[in-house]
Amino acid sequence: MPTLPRSEVARAGRGIIWELPGFRTGDALASAILTAAAPQRMAVYDRRVQHALDTLGLTLTRTPGRYGRYLQLLDDLLQHGGARADGWTARDIDTALYWTGRPDPAPSR
């Protein structure tokens, strides 16, 4: 069982990946790598997720440490869901946010 909070693990992992070339800006690729390494614990952050968060009125600023704050937000959502969130993971919420944040399809002609 993990002993560190998910947000701290996210911050530490993001800090390690930050050292690699091409990972100093943005969180999308880094979050995908961290999620691939720990899919039951981490979640992907990208522009669709940010759009969904904005649409839902959930604040996540672009300041440094965003990925850790995102995972904390997901933990807060899981806790707030209580019994209704039993069995849900951060990855489940991130997937729901991804689909919520997708652009509307172009109208058919």
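The values are calculated or read from the model by the stated rules, or taken from the named source; none is laboratory data. Please read all numbers here as calculations on a predicted model, not as lab measurements. Here the Cβ is made from the backbone with ideal geometry for all residues, glycine too, and neighbour counts use every protein chain on show. These area figures cover heavy atoms from the full protein model, side chains too; ligands, DNA and RNA do not enter into them. Shrake-Rupley method; radii C 1.70, N 1.55, O 1.52, S 1.80 Å.
Using a 10 Å cut-off on Cβ atoms, rank the peptides 21-30, 39-48 from the highest mean neighbour count down. Kindly include the intermediate steps, with their values, before the conclusion.
Values: 21-30: 13.9, 39-48: 19.3.
Most protected by this proxy first, the peptides run 39-48, 21-30.
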- Item | Solvent-accessible area, 1.4 Å probe, carbon plus sulfur percent, for the chain | 59 percent
- Short version: ³J(HN,Hα) in whole Hz for each residue of the range 46-61, in order, from phi by Karplus 6.51 cos²θ - 1.76 cosθ + 1.60 (θ = phi - 60°), x for Gly and Pro, what are they? 8, 5, 5, 4, 4, 4, 5, 4, 4, 4, 7, x, 9, 7, 9, 6
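How much accessible area per residue does the range 1-63 have, in Å², with a 1.4 Å probe?
64 Å²
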- Gain upon complete extension [Asp92, Ala32; 0.36 nm per residue less C-alpha separation]: 20.2 nm
- Quick one: accessible surface of Trp99, probe radius 1.4 Å, all protein chains present, in square angstrom to the nearest 10. 140 Å²
